[in-house]
Amino acid sequence: FLILLLLAGALWLRAQPPRQYTFSHYSTATGMLSNQVNTVVQDETGYIWAGTTDGLVRFDGARYKNFQHRAGDSTTIPANAISQLVIDQRKNLWVLVNNGRVGIFSTSEFKFHEVKIKVKNPAVLPVSIKKLLKDDAGNIFLLVHGHEILTWNEKTNELAEDNNFFPSKDGWGFT
């Protein structure tokens, strides 16, 4: 009886159809700005936003809308190489560019609004690793690795240690 039960179980497992997966490959041949994508987020309307080495891309599942820096136009992204995208609780699309500049990209007007960054030592900004962070309360932070954590103040449109609501770096033991 046990052998018959094991044989029936083996036949049942073998009888299941294989799963079928479909993959789509997106590249410069299909309209992407670059084959190197550094960051991806999806907004509340379903658009996929990709930060590439050659600019910002919005994808609706069929078409691309590409955004790149244009010299002399401060409403475009400040550089094409994008390292990180973040969507905050207010549905803002935050863009961190490889050169260290940060801002909010309006997904309705397609305009970039730069955020001021105030660090103790401006020389560390271009050479340090940076990362945008958000918490559950809706706060936005810029981590300047090994140096500072900066908090965004919406009223002043500034990322600065002065806006932090936690102890200074000495209190946290940062070096």
Share of the chain's accessible area from carbon and sulfur, percent, 1.4 Å?
55 percent
Among HIS25, HIS69, HIS113, which one shows the highest mean-square fluctuation when the chain is modelled as a Gaussian network with alpha-carbon springs under 10 Å?
HIS25
For the chain, find the longest principal axis of its Cα atoms and tell me its angle to the long axis of helix 2-14, 0 to 90°, nearest 10.
50 degrees
Taking every pair of Cα atoms in the chain, average 1/r, invert it to obtain the Kirkwood radius, and report Rg/Rh to two decimals.
1.21
Out of every Cα pair in the stretch 53-128, what percent are spaced more than 15 Å from each other?
58 percent
Around THR39, which amide H atoms from residues at least 5 apart in sequence, or from another chain, sit under 5 Å from its own amide H, with H modelled in the peptide plane?
GLY51
Can you tell me how much longer the chain between ASN35 and HIS69 gets when fully stretched, taken as 0.36 nm per residue apart minus their C-alpha distance, in nm with one decimal?
10.4 nm
1.4 Å probe accessible area per residue over the chain, in Å²:
64 Å²
Share of Cα-Cα pairs in the stretch 30-91 lying beyond 15 Å, as whole percent:
50 percent
Between SER108 and LYS131, what is the label-to-label distance in nm when each label sits 7 Å out along the Cα-to-Cβ direction?
3.3 nm
Please list, in order along the stretch 121-136, the HN-Hα scalar couplings obtained from phi with the Karplus expression 6.51 cos²θ - 1.76 cosθ + 1.60 (θ = phi - 60°), rounded to whole Hz, x for Gly and Pro.
10, x, 5, 7, 4, x, 9, 8, 7, 10, 8, 7, 10, 9, 10, 5
Summing -39500 (n - 2.57) over every DSSP H run of at least 4 in the chain, dividing by its residue total and rounding to the nearest 500, the 222 nm mean residue ellipticity is -2500 deg cm²/dmol
Residues listed by number, the stretch 63-85, amide nitrogen under 16 Å from THR53 label point at 7 Å toward C-beta
80-84
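The values are calculated or read from the model by the stated rules, or taken from the named source; none is laboratory data. From a predicted model like this one, the values you see are computed outputs, not experimental measurements. No Cβ is skipped: glycine too gets one built from the backbone with ideal geometry, and neighbour counts run over all protein chains shown. Only protein heavy atoms, including side chains, enter the accessible area calculation; ligands, DNA and RNA are left aside. Shrake-Rupley method; radii C 1.70, N 1.55, O 1.52, S 1.80 Å.
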